[in-house]
Structure formats: structure tokens, C-alpha cells
Amino acid sequence: MRQPPPFRIGQGVDVHRFTSGDHVMLCGVKIPHTQALLAHSDGDVALHALCDALLGAMALGDIGRHFPDNDPAWRGVDSRVLLRHVVGLMHKQGYAIANLDVTILAERPRITPWVLAMQQVLAEDLLIAVDQISVKATTTEKLGFVGREEGITALASVLLCVG
């Protein structure tokens with residue numbers, strides 16, 4: 001069997017539009033808001049981007065391939081369940097996370113007060129230290145669908161190393 005490369009890089013992007021509701025889920029943290037994110041699962045756009053980054057680093061496709069949105073088994077699922085499954089695949093392939101970076105693009109809600117809680121949830125689910133995790137947010141200066149407060153975008157990058 002071929003030795004795995006010592007490092008693998010992955011990136012992920014996800015987008016969800018707003019719908020009626022009273023909170024959003026971001027990085028596994030429930031954040032009060034005047035709307036929710038429309039999705040087949042709990043709509044955690046940040047965890048979806050992170051799952052895609054991890055799957056991409058392992059060349060295993062994307063989140064839709066593993067958890068199709070037309071499968072009723074995934075309806076309303078906590079995205080942390082999806083992330084933990086992907087982490088299991090990562091460990092099975094012999095990789096560990098060196099570091100990761102998640103960027104959330106949103107005008108509202110404000111993300112900064114929740115960043116530490118997000119890092120702690122991610123550290124728990126990924127079995128890594130908080131100092132290996134960057135979570136940050138930015139706006140789009142009122143431009144585009146994010147700027148018009150129609151939805152949220154998340155970007156994730158991850159560096160895997162042989163564990």
C-alpha cells in the first residue's frame with residue numbers, strides 16, 4: 001500500500017439563505033437571531049464548509065455525496081453529527097488536523113461574541129486543541145446577497161498531516 005502524503009490541504013464553501021426562525025447554528029453554537037438558515041439539516045453553514053474542506057483534503061468528494069439532501073435520514077440532523085462522521089473518515093485514513101481556519105461572511109448576527117464558544121465546540125468534535133482552530137467573521141460591506149442580509153456564507157480551509 002502506498003504511503004499517504006505527509007500533508008493534505010482542503011477548502012470548503014457553503015451558503016444558506018435566511019428563512020423564518022429565531023436562531024442560527026454556526027460551528028455548533030446556537031446564536032439568537034431574527035431569522036434561521038434554510039437547509040435540509042440544521043443549516044450550520046460553517047460546519048458544512050468545514051466538512052467539505054476535510055472531505056476535499058482526503059479526496060472524498062463533498063458533503064452532498066456523503067449526506068444527500070434528498071435522504072430523509074439527514075432531515076434536521078445536527079451538523080455536528082456530520083462533522084464527527086467526517087472526522088472518523090479522516091482518522092481511518094491516518095490523518096490528523098494540523099490547523100483549520102473558518103471564515104463566516106454575515107452582516108448579522110454579529111459573530112465575535114460567540115467565537116470562543118465555537119472554537120471550543122470544534123475542538124471537542126475534532127479532538128484537537130483550541131489553538132489549532134481559527135474562527136473569524138467579516139461582512140461584505142452591504143454588497144451582494146450577504147450584504148442584503150439574505151443569507152450567510154462560510155469558507156473553511158484545513159491542513160491535514162499524517163497522524
What residue among 115, 79, 63 has its Cα farthest toward the positive end of the dipole of the chain, where the charges are +1 on Lys, Arg and -1 on Asp, Glu, each on the Cβ?
63
Amide H partners (placed H, <5 Å) of residue 99, local residues excluded
159
Relative contact order in percent for the chain (Cα pairs under 8 Å, 6+ apart) equals 33 percent
Cβ charges +1 (Lys, Arg) and -1 (Asp, Glu), total dipole of the chain, debye:
240 debye
Could you line up 145, 18 from fewest to most neighbouring Cβ atoms inside 10 Å?
145, 18
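Determine, for 51, 27, 161, the number of other Cβ atoms within 10 Å of each Cβ, and report the residues in order from fewest to most.
On the way: 51 27, 27 30, 161 15.
Taking fewest neighbouring Cβ atoms as first place, the list is 161, 51, 27.
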Going 7 Å from the Cα of residue 7 along its beta-carbon direction, which residues of region 149-163 have the amide nitrogen within less than 20 Å of the resulting point?
156-163
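Which shape class, rounded, prolate or oblate, goes with region 35-163 when its Cα gyration tensor gives a ≥ b ≥ c as root eigenvalues, a/c under 1.5 marks rounded, and past that a/b bigger than b/c marks prolate? List each step's numbers first, then the result.
On the way: a/c = 1.90, a/b = 1.29, b/c = 1.48.
Judged from the Cα gyration tensor, region 35-163 comes out oblate (a/c at least 1.5, b/c at or above a/b).
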Amide H to amide H, which residues 5 or more places from residue 137 or on other chains are under 5 Å from it, using H placed in the peptide plane?
104
Pairwise centroid distance, computed over Cα atoms, of region 87-106 with region 23-45, Å:
20 Å
With each run of n ≥ 4 DSSP H residues scored as -39500 (n - 2.57), what mean residue ellipticity at 222 nm is computed for the chain after dividing by its residue count and rounding to the nearest 500 deg cm²/dmol?
-8500 deg cm²/dmol
Multiply the residue gap between residue 73 and residue 139 by 0.36 nm, knock off their C-alpha separation, and tell me the result in nm, one decimal place.
20.4 nm
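Coordinate-derived values only; no laboratory data. What you are looking at is a predicted structure, and each value in this text was computed from that prediction instead of being measured. Glycine gets a Cβ as well: all are built from the backbone with ideal geometry, and neighbour counts include every protein chain shown.
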